[in-house]
Amino acid sequence: MSHSLSLLFYIKKSKADEYGKANIYLRITLAGKRAECSIRRKVDYNKWNPKTQLALGNSIQAQEINREIGIIKDKIYSLQQLFQRQEKPYTALDLRDAYLGKDKTQKMLLDIFQEHNDKVESLIGKDFAAGTAERYRTCKKHVAAFIKQKYKKNDIPVQEVDHKFITGLEYYLKTTRKCAHNSAIKYITNFKKIIRIAYANDWIDKDPFLNWKAKLKIVDREFLSEEEIQKIMNLDLKMERLDQVRDIFIFCCFTGLAYADVKKLHRGDISVGADGEEWVKTKRTKTDTRSNIPILPIAKTIIEKYEDHELLKEKDLVLPVLSNQKMNAYIKELATLAGITKNLTFHLARHTFATTVTLTNGVPIESVSKMLGHTNLKTTQHYAKILDMKVSKDMAVLRAKFK
């Protein structure tokens with residue numbers, strides 16, 4: 001059987017609508033046999049070039065149509081290659097049906113990924129946090145870029161994903177994308193879910209992740225010491241914006257709130273607990289788990305400082321939090337002014353709460369885990385090395401006693 005394949009994109013000018021828009025059709029010809037379908041796109045018939053089979057001009061609409069045509073071509077040729085590798089007889093109709101998704105055994109990888117992401121997006125606030133949806137979107141972009149670089153295509157059939165593809169993607173993330181080991185592994189794990197969906201639906205015959213093993217590296221989490229916290233608190237700041245950033249950073253050092261959680265912190269999230277003291281009671285944006293944190297005196301002073309802030313009153317927010325990018329930029333400036341050489345980021349405040357503020361002062365790790373809103377105690381145990389410092393201090397007292 002001849003496998004010579006030709007594709008033709010054309011319009012039916014006589015069937016244009018009242019606005020002069022005509023449907024774009026695809027004709028697949030294989031071994032002299034044809035199959036046709038609409039690509040579900042319309043174009044002004046005066047702006048269609050039948051020779052190049054593309055929309056004329058540089059308008060956004062023309063660019064989108066031409067990009068879509070390129071993607072469709074890639075899909076059809078990828079499907080043809082897949083049929084050839086499987087050594088199965090196929091016709092122009094088979095290619096068309098596979099492209100339209102009528103052949104359930106032929107599914108394109110990025111199409112499956114997008115279907116998954118659309119579902120996640122629709123379930124934000126119910127089953128998924130906004131950060132999870134963002135991570136899957138980013139993961140899909142990385143996978144798409146890898147396919148483009150490695151295969152010179154816009155998409156590939158999911159059947160083409162094998163162990164070599166997975167290890168190649170991991171290498172691409174670590175080299176081209178400059179991802180750290182743990183970040184790369186987390187993206188691969190996100191991608192693994194997409195492949196598991198394909199496997200569960202019988203779109204692939206075997207799980208390519210079967211022999212893929214990877215472990216996250218334990219990362220030493222930096223934090224501020226008591227002295228360093230005091231240095232930042234003692235800074236005499238003339239710039240109001242810098243002063244506000246200092247307040248919010250210190251507030252998080254004494255509450256353990258992450259950036260996303262302090263940014264959305266409403267006045268209604270602060271209430272009096274059974275002990276008669278004020279608590280922050282909120283849900284973590286990242287995991288949607290409950291986080292209840294007693295408000296320590298320093299944090300309370302900062303809250304009171306902004307009680308009469310007009311803009312915050314309008315939005316019912318507790319603190320004037322800037323964008324994450326600006327917060328991190330100002331925090332690095334604070335570090336310089338305080339003579340701190342550590343790489344300060346906003347998230348370092350959360351680490352500081354877990355270590356210097358709580359664990360070092362004898363707060364049980366179970367209580368710290370609950371305040372941080374961790375779903376697994378193992379996550380909190382990454383901070384447990386600080387306990388060695390506490391043991392050292394405690395033993396110094398005992399050592400002095402025995403002298």
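The values are calculated or read from the model by the stated rules, or taken from the named source; none is laboratory data. On a predicted model such as this, the values are computed, not experimentally measured, just so you know. We place every Cβ from the backbone using ideal geometry, glycine too, and count neighbours over all the protein chains shown. Heads up: the accessible areas ignore ligands, DNA and RNA and are worked out on the full protein's heavy atoms, side chains in. Shrake-Rupley method; radii C 1.70, N 1.55, O 1.52, S 1.80 Å.
Data overview
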| item | result |
| --- | --- |
| Near pairs, Cβ below 7 angstrom, 6+ apart or cross-chain, from the stretch 252-269 (farther than 17 Å from TYR306 by Cα) to any residue that is part of a helix (DSSP H, G or I) and open to solvent by 50 Å² or more (accessible area, probe 1.4 Å) | TYR259/ASN324 |
| Members of the stretch 226-244 that are touching a helix residue (DSSP H, G or I) at 6+ places or on another chain (Cβ under 6 Å) and assigned to a loop (DSSP other than H, G, I, E, B) | LEU235, LEU237 |
| Residue match in the stretch 245-264 (condition: touching a His at 6+ places or on another chain (Cβ under 8 Å) and either open to solvent by 60 Å² or more (accessible area, probe 1.4 Å) or not in a strand (DSSP E or B) (or both)) | yes |
| Within the stretch 182-208, tally of residues that are touching a helix residue (DSSP H, G or I) at 6+ places or on another chain (Cβ under 7 Å) and not hydroxyl-bearing (Ser, Thr, Tyr) | 11 |
| Filter pass, ILE195 being in contact (Cβ under 8 Å) with a residue 60 or more places away in the chain, within 23 Å of ARG85 (Cα to Cα), aliphatic (A, V, I, L, M) and open to solvent by less than 40 Å² (accessible area, probe 1.4 Å) | no |
| Qualifying positions in the stretch 57-99 - under 26 Å from LYS206 (Cβ atoms) and aliphatic (A, V, I, L, M) | ILE76, LEU79, LEU82, LEU95, ALA98 |
| Where SER367 falls short, out of the listed (1) closer than 19 Å to LEU224 by Cα; (2) of a type in the set (Gly, Ala, Ser); (3) exposed (fewer than 15 other Cβ atoms within 10 Å of the Cβ) | (1) |
| Among residues of the stretch 164-188, those that are polar (S, T, N, Q) and without any contact (Cβ under 8 Å) to a residue 12 or more places away in the chain, counted | 2 |
| Residue list for the stretch 56-89, restricted to those being outside any helix (DSSP H, G or I) and more than 18 Å from GLU160 (Cα to Cα) | LEU56, GLY57, ASN58, SER59, PRO89 |
| Unmet requirement for THR345, which otherwise passes all of (1) farther than 18 Å from GLY256 by Cβ; (2) open to solvent by 30 Å² or more (accessible area, probe 1.4 Å); (3) modelled with pLDDT of 90 or more | (1) |
| Hits in the stretch 275-291 (condition: open to solvent by less than 70 Å² (accessible area, probe 1.4 Å) and more than 26 Å from the chain's Cα centre (by Cα)) | GLY276, GLU278, TRP279, VAL280 |
| Enumeration of residues in the stretch 207-225 that are open to solvent by less than 100 Å² (accessible area, probe 1.4 Å) and of a type outside the set (A, V, I, L, M) | ASP207, PRO208, PHE209, TRP212, ARG221, GLU222, PHE223, SER225 |
| From ILE204, ILE232, residue being touching a residue at least 60 places away in the same chain (Cβ under 8 Å) and more than 19 Å from the chain's Cα centre (by Cα) | ILE232 |
| Filter result for the condition that a residue is open to solvent by 50 Å² or more (accessible area, probe 1.4 Å), farther than 25 Å from ASN376 by Cα, part of a helix (DSSP H, G or I) and in contact with a strand residue (DSSP E or B) (Cβ under 7 Å, 6 or more places away or on another chain), over LYS313, LYS300, LYS332, LYS326 | LYS300 |
| Residues of the stretch 18-44 satisfying the condition of being of a type in the set (S, T, N, Q) and either open to solvent by 50 Å² or more (accessible area, probe 1.4 Å) or over 19 Å from PHE83 (Cα atoms) (or both) | ASN23, SER38 |
